[in-house]
Amino acid sequence: MSAPFPLDPSGRAALLAALPIGIAFGWCLERSGLGNARKLMGQFQLTDLAVFKVMFSAIVTAMLGLFWLSWLGVIDLGRVYLPETFLLPQLAGGVIFGAGMALAGLCPGTSCVAAATGRIDGAAVVGGFFAGVLGTGLVLPAIQRFYVSTPRGGYTLAALLGAPAGVVVCGVVALALAGFAVAERIERRAGTYSVTRPATHDGRADAGAAVST
């Protein structure tokens, strides 16, 4: 069965849908406190694992939605864009990204939310990653060979493991549930819960968002 929604990223309908989805995503990030660098730093300090739980919940929700919509014939997964894999350059990019997030306390998405709500650190990080994109574009001819090295094509977890998609989905859901349980145990040991409340611009709501046990 062909999908009634072709998911063409260049189409007008997709662009119109992207705006409210983006606004809703940013609103959810801000309301969960993830526009505050102090809260994100709790991830690295193993005191507040809200980022892990929020993002893993989003991954599982999207995975389940795509799986069942595909099974029902609503979406054709073959028409969903799958980025290509380049092992070494993406590994290097992951290291740079992780170091930047650890230093700034914000990722691109949360920095945009922080900047939109008037936080100076968020605006600084947004400026930093735009400068990084510009710098990479300027030196791209010099690193082009490395940039396209170790290509592996489009990978999916099911193809990589050689397992049916349904089995992989069940495995990821089970892994997420186990991860949530471990995260709660870590937070309890640290003396905090990551039940989120909206953080103020100066970050003073962080203490209220981390409820002592």
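Listed by first and then second residue, the pairs with beta-carbon distance under 8 Å, at least 6 apart or on different chains, first residue in region 146-165 and touching a residue at least 60 places away in the same chain (Cβ under 8 Å), second in a helix (DSSP H, G or I) and surrounded by fewer than 11 Cβ atoms within 10 Å (Cβ to Cβ), are TYR147/LEU140. Taken as a whole, the structure places VAL169 among residues that are under 30 Å from SER32 (Cα atoms), surrounded by 14 or more Cβ atoms within 10 Å (Cβ to Cβ) and either under 22 Å from the mean Cα position of the chain (by Cα) or aliphatic (A, V, I, L, M) (or both). Note on region 126-150: residues that are within 23 Å of the chain's Cα centre (by Cα) and either among the polar types (S, T, N, Q) or farther than 29 Å from THR110 by Cα (or both) amount to 1. Within region 96-122, the residues that satisfy the criterion of being among the aliphatic types (A, V, I, L, M), closer than 26 Å to LEU46 by Cα and surrounded by 13 or more Cβ atoms within 10 Å (Cβ to Cβ) are MET101, ALA104, LEU106, VAL113, ALA114, ALA115.
Looking at this structure, is LEU69 in a helix (DSSP H, G or I) and more than 20 Å from VAL113 (Cα to Cα)?
Spelling it out, LEU69 is indeed in a helix (DSSP H, G or I) and more than 20 Å from VAL113 (Cα to Cα).
Filtering region 46-69 to residues that are among the polar types (S, T, N, Q) and without any contact (Cβ under 8 Å) to a residue 60 or more places away in the chain leaves only THR61. Please determine whether any residue of region 125-140 is at pLDDT below 90 and surrounded by 15 or more Cβ atoms within 10 Å (Cβ to Cβ). Checked region 125-140: at least one residue is at pLDDT below 90 and surrounded by 15 or more Cβ atoms within 10 Å (Cβ to Cβ).
The values are calculated or read from the model by the stated rules, or taken from the named source; none is laboratory data. If you're wondering where the values come from, they're calculated on a predicted model, not measured in any experiment. In this analysis, Cβ positions are derived from the backbone assuming ideal geometry, glycine residues included, and neighbour counts consider all displayed protein chains.
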